[in-house]
């Protein structure tokens, strides 16, 4: 296709990047749930991870409608920390970046591509709730505790 991209290609590129980022974050949070020091924390992190995988599937379905095959898993590196608090802070930072990306896509496509904007908005809302749940866990964790 060269240097020329259609509007559909640009939308698919943006969705693909968001899809990969969501999958990587879901995998990271799932890994962190396995290292969680308390069962309630592990359960909440696992629920957040599962919800983000559903978000990635939503975007993946839209990508397929645009003619792209989404990746089954993200190749991005999992970030970690010395203890649960540091891992949760990493997750929170990654959520901040994800929400910024999703917000930018939603604003960009709100008028031009309403169907894509609606998908991104639903994922943005779900991810915002997940980020709030994660921040609640950060507030309950001890930054000085050792694993």
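Just so you know, all these numbers are worked out from the coordinates, no wet-lab data involved. A quick note: this is a predicted structure, and the numbers were derived from the prediction, not measured.
Let me have the 222 nm mean residue ellipticity of the chain computed from DSSP H runs of 4+ only, each contributing -39500 (n - 2.57), with the sum over all residues rounded to the nearest 500. Mind showing how you got there, number by number?
Details: 4 runs with 109 residues, N = 147.
Rounded to the nearest 500, it is -26500 deg cm²/dmol.
Using only Cα atoms, tell me the angle between helix 114-140 and the longest principal axis of the chain; keep it within 0 to 90° and round to the nearest 10.
10 degrees
Using only Cα atoms, tell me the angle between helix 39-65 and the longest principal axis of the chain; keep it within 0 to 90° and round to the nearest 10.
It works out to around 10 degrees.
Who wins for biggest fluctuation among 136, 13, 116 in a Gaussian network model of the chain, springs between alpha carbons below 10 Å?
Taking springs between Cα atoms under 10 Å, the residue moving most is 136.
How far is helix 7-35 tilted, in degrees, relative to the longest principal axis of the Cα atoms in the chain, given as a value from 0 to 90 rounded to the nearest 10?
10 degrees
Averaging the inverse of every distinct alpha carbon separation and then flipping it gives the Kirkwood radius. What is it for the chain, in angstrom units?
Values: mean 1/r = 0.0631 Å⁻¹.
Roughly 15.9 Å, rounded to one decimal.
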